[in-house]
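Undergrad: Just passing along the structure, written as C-alpha cells.
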Amino acid sequence: MEIRGISLSNGQSSVNSGFLLFDRGDYNPMMKKSIQKTVVFSLILILGLNMASEHSIIFTSAKENTFGLEEPKGIRLNIPDDPRSSMAISWFTYEFTETDINFGLSLGNLNQTNSFFTDTELVKDTYIHHIVLKNLSTNTTYFYQIGGPTSGWSDVYSFTTAPERNASSLHFIAYGDNRSDREIRRLINRAILQNSSSYHSEPIQFIMHMGDMVTRGEEHDLFNDYFDDSQMLHESIPLLPIQGNHEIGNLGKSYYREQFVLPENGNAEWYWALQYGSVFIMGLDSEAHGIIPYDTQSIPWMDSMLQKSHEDLSTLWRFAFFHQPPFVSSSHMPRIDIRDSWSPIFGDNDVDVVFNGHCHLYERSFPVSSNETLSSRERYNYNDPDYPIYIVTGAAGRGGPIDRLPDRENEYMVFSNFTWHYVDVFISNNLTNQKSTLMANVVGIIPQYFSNGSLNEFDLSHTVLLDNFTITKNIPGGWPESVQNVIY
C-alpha cells in the first residue's frame, strides 16, 4: 500500500492520494509538525505499515523526533495544473527535513499566504519533497525559498507563471536522452543557459524532456544525480517530462513517477496534457507496461484531448512529445505500431510538430502523413502544412553511443546530424498581419577536452547552428478575444 499524503482541511483529516494542505493565513510550523506526527503514527498503528519498505509515508519511525540539518538538493519545477495559476516545486534530501516554503513578489518580501500542498515521501534512502502552489497570478514572477528554519533554507530562486492563452509569444527548449555522462549533461545545460538569449530575447518558459534522463530507472541515486546536474535550469524553468525506456527499469520497476507532480488529466504521470499560452501540449507514453507495447487506453484519450483543444479558439499550435519515434532513419528502428495508430490521430487533429528522443542524434522530417505522404518538399520554410513535422532530439548527453547514420536517408527525412544538441523553439503571434510563426533553431555543442583527456565542461565556445526552420500559420479572425479557457 502506498499512502502519499494526508489532506487536512477545516479541522478534519482523511487519507487520500494527495498532499498535506495548509492555509498560510494561520500557519504554525510547530502545529504542522505535531499534526503530521499524530496522524502518521496513528496510521502506522492501524495499517501495520512495514517501515522498512522502499516507499514510506512521511515521518517514518527512524526519523520521528528531529529534523536533520540539510539544505534542499536537486530543486526542480513542474506544472501540475493550469500553468497560469499553479506551480510544483520538488527537491530531495538524505536526512528527514522540513517541507516548507516562503514565497512572494519581491526578493525581500516573501510574504505570500496562498494555500499550498506539501508531500514528503521516503524512497530508498532519499526523502522526496513536493510543494504545490495554487491560486497564483497569471504571468507573474514569484521569488521562493524552500526547506525550513530548523533544517535550513535554500537560496532564493524565482519562477514566472504562464501568460494568458492569447499571449503574443512563447519560448521553450526540447531535448532528451541525457543518460549517465554527468559532465556532458552539465555542459549542455550550461549551454542552454548561456545561449538562451542568443536567438530570442525572451526567457525560456519551459523545457520538454523526451525521456531517458537516467540509464536505469530502478537505481534511484541516478535520479538524484540528474536533478543535481539540472537544478541550474529547473530551479527557475519548469520541466515537462515523459518517461523513456530507460526510466522503466528492470521488470518494470522504476522510480520515475515519484519524482514529479504533473497534470492528472491522463493516466497519472504516464501521459497528460496542458495548455501553455497559445500552445496545446500532450506528453505521451510510448513505453512497454506488461504485455502491451504502450497503454492502448491513451488512444481514445489523446483523440478526445485534441478535439477538445479545438474548442478553445485561442489554441494556435498543437504539439505531442514522447520517447520512441515513429519516423526515424537511424540505426534505431522506427516504431511502426505507433506510426499506424497514433500518427493518423495527429494528422486528423492538426498536430503541428511531434517531438521524440530515443535515437541518439538529431533528425527532422518533412511534413509527413502516417503512410509517408509528404505535403511539402520545402526544406526550411513551411506555410501551414497539412501534416506534422517529426523531430528526433535524442542527443543531450551520453550513456549510450551516438547513433550511426544510415547509408541512405528515408525520403521523409530532411536533415540528420549526430552532434550533442538541443532544440530552441520560439513562437511569435503577430496580430498586425494575422500570422503566427514558429522558429526553431537546433544548437549543437562540440565538447572541448583538456590535454589529459578530461572534459572541460565550462568551455561553451564551440556551439554551432545545426539546423533551423520556420512554420507560419494564419491567426483566425476574432483571436485573441476568443479565449474560451477550456479545461483539460
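Undergrad: Being closer than 16 Å to Y144 by Cα and either at pLDDT 95 or above or in the same structural domain as I281 (by TED's automatic domain parsing) (or both) is the filter here, so list the residues in region 80-100 that pass it. Steps first, answer last, please.
TA: Step one: filter region 80-100 for residues closer than 16 Å to Y144 by Cα, giving 85-91, 98-100.
Matches in region 80-100: S85, S86, M87, A88, I89, S90, W91.
Undergrad: Next question, about the same structure. Here is a check on your reading of the model: is E378 in the same structural domain as R185 (by TED's automatic domain parsing) and at positive phi? Give the steps one after another, and end with the answer.
TA: On the way: in the same structural domain as R185 (by TED's automatic domain parsing): yes; at positive phi: no.
So E378 fails the test.
Undergrad: Now, a different point. Restricting to region 161-207, name every residue that is under 23 Å from V132 (Cβ atoms) and surrounded by fewer than 16 Cβ atoms within 10 Å (Cβ to Cβ).
TA: Correct list: E164, P203.
Undergrad: Out of all the residues in region 25-35, is one or more in contact with a Lys or Arg (Cβ under 8 Å, 6 or more places away or on another chain) and at pLDDT below 50?
TA: Restricting attention to region 25-35, the residues satisfying the condition of being in contact with a Lys or Arg (Cβ under 8 Å, 6 or more places away or on another chain) are none.
Among the residues of region 25-35, not one is in contact with a Lys or Arg (Cβ under 8 Å, 6 or more places away or on another chain) and at pLDDT below 50, which makes the answer no.
Undergrad: Does at least one position in region 162-178 carry a residue that is in contact (Cβ under 8 Å) with a residue 40 or more places away in the chain, under 23 Å from F458 (Cα atoms) and touching a Lys or Arg at 6+ places or on another chain (Cβ under 6 Å)?
TA: yes
Undergrad: Further question: Kindly check whether there is at least one residue in region 144-159 that is surrounded by fewer than 23 Cβ atoms within 10 Å (Cβ to Cβ), free of Cβ contacts under 8 Å to residues at least 60 places away in the same chain, assigned by TED's automatic domain parsing to the domain that holds G68 and among the charged types (D, E, K, R).
TA: yes
Undergrad: Right, here's the next one. Can I192 be described as hydrophobic (A, V, I, L, M, F, W, C), closer than 28 Å to M439 by Cβ and over 13 Å from the mean Cα position of the chain (by Cα)?
TA: Judged against the criteria, I192 is a match.
To keep it simple, each residue is scored yes or no on (1) free of Cβ contacts under 8 Å to residues at least 60 places away in the same chain; (2) on the phi < 0 side of the Ramachandran plot; (3) not β-branched (V, I, T).
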{"position": "P326", "(1), (2), (3)": "no, yes, yes"}
{"position": "S329", "(1), (2), (3)": "no, yes, yes"}
{"position": "I336", "(1), (2), (3)": "yes, yes, no"}
{"position": "R339", "(1), (2), (3)": "yes, yes, yes"}
{"position": "D348", "(1), (2), (3)": "yes, yes, yes"}
{"position": "V353", "(1), (2), (3)": "no, yes, no"}
{"position": "N356", "(1), (2), (3)": "no, yes, yes"}
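Undergrad: Going by the conditions given, is S370 touching a Lys or Arg at 6+ places or on another chain (Cβ under 6 Å), more than 20 Å from I173 (Cβ to Cβ) and surrounded by 17 or more Cβ atoms within 10 Å (Cβ to Cβ)? Walk me through it before giving the result.
TA: Values: touching a Lys or Arg at 6+ places or on another chain (Cβ under 6 Å): yes; more than 20 Å from I173 (Cβ to Cβ): yes; surrounded by 17 or more Cβ atoms within 10 Å (Cβ to Cβ): yes.
It is true that S370 is touching a Lys or Arg at 6+ places or on another chain (Cβ under 6 Å), more than 20 Å from I173 (Cβ to Cβ) and surrounded by 17 or more Cβ atoms within 10 Å (Cβ to Cβ).
Undergrad: Give region 419-462 a look and list any residue that's in a loop (DSSP other than H, G, I, E, B), within 30 Å of R165 (Cβ to Cβ) and not aliphatic (A, V, I, L, M), or say none.
TA: T432, N433, Q434, listed by residue number.
Undergrad: Kindly provide the set of residues from region 170-223 that are β-branched (V, I, T), part of a helix (DSSP H, G or I) and over 23 Å from F319 (Cα atoms), ordered by number. Spell out how you get there, then give the answer.
TA: Narrowing region 170-223 to residues β-branched (V, I, T): 173, 184, 188, 192, 204, 207, 214-215.
Next cut, part of a helix (DSSP H, G or I) only: 184, 188, 192.
Matches in region 170-223: I184, I188.
Here's the yes/no breakdown for (1) out of contact with any helix residue (DSSP H, G or I) (no Cβ under 6 Å at 6 or more places or on another chain); (2) surrounded by fewer than 19 Cβ atoms within 10 Å (Cβ to Cβ); (3) modelled with pLDDT under 95:
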residue: D212; (1), (2), (3): no, no, yes
residue: E219; (1), (2), (3): yes, yes, yes
residue: L240; (1), (2), (3): yes, no, no
residue: V279; (1), (2), (3): yes, no, no
residue: E287; (1), (2), (3): no, no, yes
residue: S298; (1), (2), (3): yes, no, yes
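The values are calculated or read from the model by the stated rules, or taken from the named source; none is laboratory data. Bear in mind the structure is a predicted one, so any value in this text is a computation, not a measurement. Note: ideal-geometry Cβ built from the backbone for every residue, glycine included; neighbour counts use all protein chains shown.
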